[in-house]
């Protein structure tokens, strides 16, 4: 592969790493500057803006920045500082009443309110992301990490520290999930990824995807020496 082509192939991966490192650094800074008591609405807005930044960065990698999905992802992040507190205040008691039907009682029941709100917020974010990415894997990963981070707050240790770690873990994992989706989408856009699963087809010599086992279309361009699937 020519040097210029190799540079183009590696650039999306390098950009994804930069976005992930930016996310880790800025999220840690915001999380550890959050007061242990009092109003945390400013931090909620800041975390929403961080989500917006890496979500749009991932869409830029995927060559999909100029469509309606960009507005959806930006809206999710920019308005996070508004809809999450509302969900916490208005939805928390309703979620707690639903959990109470399982037979769980206090003191554990009262400690499950915030984890339930976090899980619900994760599902909302994952649903919005799925509308844009159409990635079931990204949806499942976001719901799972939201549930894990929420349940971490039930652990009977110093809550401010656990909350900060949970925030950092959520954004780190969600950013990684979106960047991985973006790299797959970028390979598809460049014509070097499987049109069914997005797996890299570099060096492929047979017209069958090694990951999903789909037969590749006869016009599918295979990278390297201008080979085409037979």
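Rule-based calculations on the coordinates, nothing more; no lab input. Predicted model only: the values in this text are computed from it and were never measured. Every residue, glycine among them, receives a Cβ derived from its backbone with ideal geometry; neighbour counts consider all protein chains shown.
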FRET efficiency, 1/(1 + (r/R0)^6) with R0 35 Å, evaluated for residue 213 and residue 86 via beta carbons: 0.15
Estimated inter-spin distance, residue 99 and residue 17, nm [label 7 Å along Cα→Cβ]: 4.1 nm
For residue 111, put the label point 7 Å out on the Cα→Cβ axis and report which residues of region 145-169 keep their amide N under 11 Å from it. 152-159
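Once you have the Cα-Cα distance between residue 25 and residue 190, take 0.36 nm times their residue separation minus that, and quote the gain in nm to one decimal.
Result: 56.3 nm gained on full extension.
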Two pseudo-spin positions, 7 Å from Cα along C-beta at residue 65 and at residue 155, lie apart in nanometres by 3.7 nm
If you take the alpha carbon radius of gyration of region 3-190 and divide it by 2.2 N^0.38 Å, what ratio comes out, to two decimals? 1.10
